[in-house]
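Visitor: Right, I'll just put the structure down here and ask away after.
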Amino acid sequence: MTTFVDRVELHVAAGNGGHGCASVHREKFKPLGGPDGGNGGRGGDVILVVDQSVTTLLDYHHSPHRKATNGKPGEGGNRSGKDGTDLILPVPDGTVVQDSRGNVLADLVGHGTRFIAAQGGRGGLGNAALASARRKAPGFALLGEPGDTGDIVLELKTVADVALVGYPSAGKSSLISVLSAAKPKIADYPFTTLVPNLGVVTAGSTVYTIADVPGLIPGASQGKGLGLEFLRHVERCSVLVHVLDTATLESERDPLTDLDVIESELAEYGGLGDRPRIVVLNKVDIPDGQDLADIIRPELESRGYQIFEVSAVSRSGLKDLSFALAKIVAEARAAKPKEEATRIVIRPKAVDDAGFTVTVEADGLFRVRGEKPERWVRQTDFNNDEAVGYLADRLNRLGVEEELVKAGARAGDGVAIGPEENAVVFDWEPTISAGAEMLGRRGEDHRFEAPRPAAQRRRERDAERDDAEREYDEFDPF
């Protein structure tokens, strides 16, 4: 069974905002109590949080679909809906968040670092919040916005100061087991280590982490063997340690060739050329191993490598190695720029920034794009004429109608608000007047109504009756 997963595709969905409520206060002897519809609750966010106790992405491998809860709708009596609960997803330190196209969205390093992977939708306003001096009793409320949905890729890059690299069975797992308290699986066959092992080493006053990366082989940078799966785990290290087997049982291999192959794979992978290197000649407790170490040491020193002869079995040379690594790690930490407090930068919008654009497409369609127009469309209940009239008022105040005129739009031209895959399309009618004071009955807007003959006939009959009564009063002899 898989116990270590360092790359998963996660399907996240934030909660939808709750709808606002359209309600009128009702109380005995108070027939016109005014609007009292509450606002809808906010949808929950999907948030990634670095947790030091989490070391793998295994949970998300088994359950890749994650969704936050929706906000509750508002209610009468000015009762707002409950906000949706945020979904907190713990991830290991060093997790990189990417979109489905491979673009890096966040690099989560450090305990408690947070990233909102999906933003919850806003709750819709109730009619109590929409009331104004002109619109005293709105017969509509705004809809809640849908939450963000999408696919993200989580990729774990181990946060280690030292990375042990080398051929399979070079002794990396044995070395990390004696340098730290880590207890990796150890055997005398290739590819014993199938997952990176992480250990903590204390050398004097310096404490650092050391990672044992699964064995690399020729062609690893192109995906052969296990190398490509785990090369990402050496990207954050401060120093690379080449572990060379001086007592290999394979006649076609030798330590110098192994070093050249591993360096070639690291260069092919890229991004590691500036890391200091140390060469560890392992298994010198074996007589043949010590003899081979004495033969190749001059060649390695001529290449500029710092050499350490060690034995994980007899534990010889380990103290010098651990302190040498601690010195390099301490120097690397000191060379890093100091972290500064996060500064809040306020960038106000330009005075002439309307917040939307109007473009003319090849088929003559006028497309309106912008945060506000698109959000207002999502919040509008198109089954309610008054809500549609309110949308028209907002767009007119924003200047959309004026920009359509400048772009050459005429009555009857098609206008789309929103992206191509999810837009509201309508025939533009520039003669429609905007003004909340022109509203009729609650829930209706006569700007969007067809003529009502029955109502017109009633008004005409009432007018005739009033005229007849007036004439009778004028000629009444008494």
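Visitor: Rounded, prolate or oblate, given the Cα gyration tensor of segment 250-290, with a/c below 1.5 counting as rounded?
Guide: Oblate, because a/c is 1.5 or more while a/b does not exceed b/c.
Visitor: Listed here are the pairs K157/K338; K172/K319; K157/K283; K28/K82; K28/K136; K157/K336; which of them are more than 24 Å apart at the Cα?
Guide: In this structure, K157/K283; K28/K82 lie more than 24 Å apart at Cα.
Visitor: Starting from the 7 Å offset along Cα-to-Cβ, what nm value, one decimal, do you get for the label separation of E371 and D320?
Guide: Once both label points are built, they end up 6.2 nm from each other.
Visitor: Moving on to the next point. Roughly how many nanometres apart are two label points built 7 Å out from the Cα toward the Cβ at E460 and D107?
Guide: Modelled inter-label distance: 7.8 nm.
Visitor: Take the alpha carbon gyration tensor of segment 62-125, find the square roots of its eigenvalues, order them as a ≥ b ≥ c, and report rounded if a/c is under 1.5; if not, report prolate when a/b exceeds b/c, else oblate.
Guide: The shape class here is prolate.
Visitor: Shifting gears a bit: Please list the equivalent ellipsoid semi-axes of segment 227-319, computed as the square roots of five times the alpha-carbon gyration tensor eigenvalues, in descending order and whole angstrom.
Guide: Each semi-axis is the square root of five times an eigenvalue, giving 23, 15, 13 Å.
Visitor: Can you give the accessible area of I176 in Å² (nearest 10), computed on protein heavy atoms with a 1.4 Å probe?
Guide: 0
Visitor: Continuing with this model, one more query. Say the dipole of segment 27-175 comes from +1 at the beta carbon of Lys and Arg and -1 at that of Asp and Glu; which of S132, I88, L142 then lies farthest toward its positive end?
Guide: With unit charges placed on the Cβ atoms, the residue in question is S132.
Visitor: I've got another one for you. Charges only on Cβ, +1 for Lys and Arg, -1 for Asp and Glu: so what's the dipole of segment 345-421 about the Cα centre, in debye to the nearest 20?
Guide: 340
Visitor: Using a probe radius of 1.4 Å on heavy atoms only, what accessible surface per residue do you get for segment 1-157? Whole Å² is fine.
Guide: On a per-residue basis, 51 Å².
Visitor: Also, quick follow-up: Take the alpha carbon gyration tensor of segment 1-90, find the square roots of its eigenvalues, order them as a ≥ b ≥ c, and report rounded if a/c is under 1.5; if not, report prolate when a/b exceeds b/c, else oblate.
Guide: prolate
The values are calculated or read from the model by the stated rules, or taken from the named source; none is laboratory data. None of the values given here were measured: they were computed from a predicted structure. Heads up, the Cβs are rebuilt from the backbone with ideal geometry, glycines too, and the neighbour counts pull from every protein chain shown. The protein model used for the area step is the full one, side chains on, heavy atoms only, and it has no ligands, DNA or RNA in it. Shrake-Rupley method; radii C 1.70, N 1.55, O 1.52, S 1.80 Å.
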